[in-house]
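The values are calculated or read from the model by the stated rules, or taken from the named source; none is laboratory data. All figures in this text were calculated on a predicted structure; none of them were measured in a lab. We place every Cβ from the backbone using ideal geometry, glycine too, and count neighbours over all the protein chains shown. Protein only, heavy atoms only, side chains kept; ligands, DNA and RNA dropped before computing areas. Shrake-Rupley method; radii C 1.70, N 1.55, O 1.52, S 1.80 Å.
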Amino acid sequence: MDMSTLNKNSNDDFRHYLLGKLPESQREPLEQRLLIDSNFFDELLTTEDDLVDEYLSGKLNTEDRELFESHFSKSDEHQRKIQFGNGFLQYLNLENVRKQGVAVDVRPSFLNLFRRRPGLVAAAMLVGILVVACVSIFLYRRQIPAANTKQILAITLAPGSARAEGSDSTRRLQRPPANSSVHLQLEIAKNEYRSYRVDLLRENQLFATFDALPAEARNSHFIVDVAVDSSLLDVGDYRLKLSGMKDSNQAEFKDQYILRVTQ
Amino acid sequence: MKKNWVLSQEAFDVLLDWLDHDRDQAGRRYEEIRERLVRIFASRGCSGATDLADETINRVASKVVEVRETYSGDPALFFYVVANNIHKEYLRRKPPPASPISTSPPNLEKQFYCLEQCLDQLSHENRSLVIQYYQDDKKAKIERRRQIAERLGIAPNALRIRACRIRASLLECVEKCLEFDAD
């Protein structure tokens, strides 16, 4: 096979090549072209990034995931990309959440409305003041502390490796109020590790990672408590991957937990 | 290759001259070939791909005086022949098995800090491009990328390569930032 007969869909060739499943007869012309064709080489680098992102967001099928772990990740160069990609994608997820938070907070539209309809805004503000006053009186009468403390919810999740995501037995949680914290308590039978790591995934995309979590004894079993800010939990299905941290600082997958956040 | 052969300045100059008579052009070609050899060894699943690439270059440099008169064709392909030999030797040495993937950086908080610093060093256009390009998921991502390419007036593939280059520069910058902090 010469260089001109390379698969026109070079992206597929690159994926196979990077995962170590491109036949030798196709590998040689591909590698030779990499050395002399800059655009072709750029294509390889972009495919590397795509593969890393797909792996990190759990989108690779079983065969490709295994090849990724046994072949692609062998080299230091690819390990660098994986480590960076993990941090980068998590950063972007947080940035996205932060951006959404800011978007809700934006006030120019209110100011514009005030400029255009001052009477309407004044009336709305008056109604608002009255509502606040009524709620304050109600709370005072019920002797509920009016301090704006951060609400904390707790929910215990049983291991669910054998359970399909979204099945009837999925634990449900009503969308937590803003400015609250949800403690997801992951049950484990034995405490075999010095600490634990939990990856929070939504629709197979890594959303956040919680490191250095201890296990606490609870009756006949243990729990790993993950405090998740409510801003990270929107309506949808979530998967929590629990890994134990070995003394060598390597993570070992233990179990997964399914959670559905409802309206 | 002669044992204990060391790449001398003279041999390196001959190698560069073989790649291109223009010294600057030769330097760029040398860097390109080295980077691509590293990727080739990495893609073959070799650990220590950089060392193998350097070993290849040293071996080519040790042969270049005798080869340059008779060899015709792109010198990069001669590197490839030598790289294949180096790879066979590597396999004979029984390379270590793959170590488990560690996706978790040693200090995520520090990496976020470095990412912020490095993103700030990018031009406004590149910063916004790399954030928008890699953000979101599924259909939203595809649509967003289409819109970015349209806005910039470039083909989707050109956008893909541009985003990849910015990401690569971020990786370099973050690694330097983390190293600096560790010192």
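How many of the residues making up region B:11-59 are open to solvent by 20 Å² or more (accessible area, probe 1.4 Å), more than 18 Å from B:Val81 (Cβ to Cβ) and touching a Gly at 6+ places or on another chain (Cβ under 9 Å)?
Qualifying residue count, region B:11-59: 1.
Which ranges mark the helices (runs of 4 or more DSSP H) fully within region B:1-93 that have 1 or more residues being under 14 Å from the mean Cα position of the chain (by Cα) and more than 10 Å from chain A (Cβ to nearest Cβ)?
Passing ranges, in order: B:23-43, B:49-67.
Looking at A:Phe40 and the list (1) modelled with pLDDT under 95; (2) open to solvent by 50 Å² or more (accessible area, probe 1.4 Å), which single condition is not satisfied?
Result: A:Phe40 fails condition (2) only.
Does any residue in region B:146-163 that is aliphatic (A, V, I, L, M) come within less than 8 Å, Cβ to Cβ, of a residue that is open to solvent by 50 Å² or more (accessible area, probe 1.4 Å) and not in a helix (DSSP H, G or I) six or more places away or on a different chain, and which pairs are these?
From residues that are aliphatic (A, V, I, L, M), the pairs are B:Ala149/B:Ala155.
Quickly run through region A:66-80 and pick out the residues that are part of a helix (DSSP H, G or I), facing chain B (nearest Cβ under 7 Å) and either touching a residue at least 60 places away in the same chain (Cβ under 8 Å) or open to solvent by less than 40 Å² (accessible area, probe 1.4 Å) (or both).
A:Ser73, A:Glu77, A:His78
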